[in-house]
Amino acid sequence: MIRSELLQKLAQDNPELRAQEVEQVVDIFFEEIAQRLAEGGRIELRGFGAFSTREREARTGRNPRTGEAVDVPAKRVPYFKPGKEMRNALNPD
Amino acid sequence: MSRSAGTLTRADLAETINRKLGFSRAESLALVESILAHMCDSLKDGENVKISGFGSFVLRDKKERVGRNPKTGVEVPITPRRVMTFRASQTLRDRIADGS
């Protein structure tokens, strides 16, 4: 499913909404999560999963083609842990 | 303003929708639930979910492997299973890396 298909489904569920409103709802949903992650915060959506960030220390990497050493600076990376209900739903029986 | 200091929840997402778009609190919460339900349904059906500008929820099928109870050291088979991973878009990775 891609974003446009999600918009279609929401529009079908909510015939009273204008297409533009459906789009704004979806934009706000993902932008709020993105914004909180950018701030290094945490998002917990019970049943679905939790988003957070992790710190990666600076390290010396290598250019895999040339073997040359390159400094990789410390950075923050996104992390997602699926919720228990989600994990179970993916593995029925 | 988020109600719980660090953690954003469904209620916070609904509150932002309520504040920015003027839908009632109940409607806003129903919309949040609806987005999550559609994503769950797709994933349950074995379909990945890809949201441009945000990231992809990708399913992976894991083979059976031997695990160990870390407390007792007893070997136990880990059954084959399907897991879900999140791969953030490059845009989101960049925003997180430089904190904007």
Next item on the list: Determine the shape class of the stretch B:48-100: with a ≥ b ≥ c the square roots of the Cα gyration tensor eigenvalues, call it rounded for a/c under 1.5, and otherwise prolate if a/b is greater than b/c, oblate otherwise.
Entry: oblate
Next item on the list: Please give the total accessible area that chains B and A bury against each other, computed with a 1.4 Å probe and expressed in Å² to the nearest 100.
Entry: 4200
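Residue by residue through B:17-24, how many Cβ atoms from other chains fall within 10 Å of the Cβ on average? Kindly include the intermediate steps, with their values, before the conclusion.
Details: counts 6, 0, 1, 5, 5, 1, 5, 0.
That average works out to 3.
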Next item on the list: Counting only heavy atoms of the protein chains, get the accessible area per residue of the protein assembly as shown (1.4 Å probe) and round it to a whole Å² value.
Entry: 61
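What dipole magnitude, in Debye to the nearest 20, does the stretch A:38-77 give about its Cα centre under +1 on Lys/Arg Cβ and -1 on Asp/Glu Cβ?
Working: 9 positive and 6 negative charges, 26 e Å.
Its charge dipole is roughly 120 debye.
Averaged over B:35-41, how many beta carbons belonging to a partner chain fall within 10 Å of each residue's beta carbon? Before the final figure, lay out the partial values.
Details: counts 9, 7, 4, 8, 6, 7, 3.
Taking all residues of B:35-41 together, the mean is 6.
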Checklist line | Residue-averaged beta-carbon neighbours from other chains (10 angstrom radius) around A:40-49 | finding: 6
Checklist line | Furthest towards positive pole of dipole, B:Met39, B:Gly53, B:Asn69, structure part chain B, Cβ charges | finding: B:Asn69
Checklist line | Lysine pairs meeting the criterion (Cα under 26 Å, 8 or more apart or interchain), as found in the protein assembly as shown | finding: 23
Checklist line | Helical contribution to [θ] at 222 nm, DSSP H n ≥ 4, -39,500 (n - 2.57), averaged over the protein assembly as shown, rounded to 500 | finding: -13000 deg cm²/dmol
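In chain B, what percent of the accessible surface is made up of carbon and sulfur (1.4 Å probe, ligands and nucleic acids excluded)? Could you put the intermediate results ahead of the total?
On the way: 3060 of 6030 Å².
In chain B, the share of accessible area belonging to carbon and sulfur is 51 percent.
Tell me which chymotrypsin sites (Phe, Trp or Tyr not before Pro) from the stretch A:22-93 have a DSSP coil assignment and no more than 12 other beta carbons within 10 Å of their own.
none
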Next item on the list: Can you tell me the dipole magnitude for the stretch A:1-65 around its Cα centre, using point charges on the Cβ only (Lys, Arg +1; Asp, Glu -1), in Debye to the nearest 20?
Entry: 660
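Tell me the Kirkwood radius of chain B: reciprocal of the mean inverse pair distance over distinct alpha-carbon atoms, in Å. Could you put the intermediate results ahead of the total?
On the way: mean 1/r = 0.0592 Å⁻¹.
Here the Kirkwood hydrodynamic radius works out to 16.9 Å.
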Checklist line | Lys, Arg +1 and Asp, Glu -1 on Cβ, resulting dipole of chain B about Cα centre, debye, nearest 20 | finding: 360
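Could you order peptides A:58-68, B:55-65 by the average number of other Cβ atoms within 10 Å of their residues, highest first?
On the way: A:58-68: 8.7, B:55-65: 13.9.
So the order, starting with the most tightly packed, is B:55-65, A:58-68.
The values are calculated or read from the model by the stated rules, or taken from the named source; none is laboratory data. Predicted, not measured: the structure shown is a model, and the values here were computed from it. Here Cβ is always computed from backbone atoms with ideal geometry, including for glycine, and neighbour counts include all displayed protein chains. Just so you know, the surface numbers come from the protein's heavy atoms only, side chains and all, with ligands and any DNA or RNA stripped out. Shrake-Rupley method; radii C 1.70, N 1.55, O 1.52, S 1.80 Å.
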